[in-house]
1. Those residues that are assigned to a helix (DSSP H, G or I) and surrounded by 12 or more Cβ atoms within 10 Å (Cβ to Cβ), I need them from the range 84-97; list them, please.
2. Is it the case that the range 38-57 has a residue that's of a type in the set (A, V, I, L, M, F, W, C), surrounded by fewer than 13 Cβ atoms within 10 Å (Cβ to Cβ) and part of a helix (DSSP H, G or I)?
3. Test of understanding: among Val165, Val192, which residue is of a type in the set (A, V, I, L, M), modelled with pLDDT of 90 or more, within 21 Å of the chain's Cα centre (by Cα) and part of a helix (DSSP H, G or I)?
4. State all residues of the range 9-37 that are in a helix (DSSP H, G or I) and either in contact with a Pro (Cβ under 9 Å, 6 or more places away or on another chain) or aromatic (Phe, Trp, Tyr) (or both); if no residue qualifies, say none.
5. On the basis of being under 27 Å from Phe134 (Cα atoms) and free of Cβ contacts under 8 Å to residues at least 60 places away in the same chain, does Leu176 make the cut?
6. Test Leu157 against the criterion of being surrounded by fewer than 18 Cβ atoms within 10 Å (Cβ to Cβ), at pLDDT below 85 and at negative phi, and give yes or no.
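The values are calculated or read from the model by the stated rules, or taken from the named source; none is laboratory data. If you're wondering where the values come from, they're calculated on a predicted model, not measured in any experiment. Cβ placement follows ideal geometry from the backbone for every residue including glycine, while neighbour counts extend to all protein chains displayed.
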Amino acid sequence: MISTLTRGGPVIGVLAVLSLISVTLIVVKLLDMRGALGGQSGRDAAYEAWRKGERASALKTVEAGKSPLDRILSAAMSGLIAGRRRTALTEELEWRGNQELDRLSRHIRTLELVGMVSPLLGLLGTVLGMISSFQELALAEGAANASLLAGGIWQALLTTAAGLVVAIPSAVSASLLGTRVDRIGVAMETAVGRLMTLEDADGEAAEEA
């Protein structure tokens, strides 16, 4: 197998490096996003405590969480407890949320780049291989047989196959990871929105009393 791949020339070596980078980034991102949407039961308990007016207890509950949702919710609760203006607090939560999403999105663009470049490198290897094969055929001045030409062609096509093998997992992983980041972003907005709804409901109840 290794002997067959080495016949693809230096392009195969480049694709092997890209494949290693791709696999490493996929594993790193999976570990990075593990549990990013977890801890919902703890947040539900915090919402219930907030509704009952037990703000310190609610804040302590979300501070114990480790997900981006817990961190953004903790910042929102801390701001409300401190009595910050809603506009200023919203702006702070926006940049905190963007910061979390930027961290989670890191290296996904690299995976997309690998998925885009790999098939092009494979095609480049194929074109170079075909040029070499036909050059040998021309130098043989008709003495070359069909098996020699076929051998050169399949070695050239090998780089295209290798490029696709590297590109497909990278492109699919980048798409799935990007979708998960979007889900986390929506979940953060929902978490903060739910807290603000509870806060507004408490304020309305106090005014009516």
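1. Result: Arg86, Leu89, Thr90, Glu92, Leu93, Glu94, Arg96, Gly97.
2. Within the range 38-57, one or more residues are of a type in the set (A, V, I, L, M, F, W, C), surrounded by fewer than 13 Cβ atoms within 10 Å (Cβ to Cβ) and part of a helix (DSSP H, G or I).
3. Answer to the selection: Val165.
4. Passing the criteria: Ser19, Ser22, Val23, Ile26.
5. When the stated conditions are applied, Leu176 does not pass them.
6. Working: surrounded by fewer than 18 Cβ atoms within 10 Å (Cβ to Cβ): yes; at pLDDT below 85: yes; at negative phi: yes.
In short, yes.
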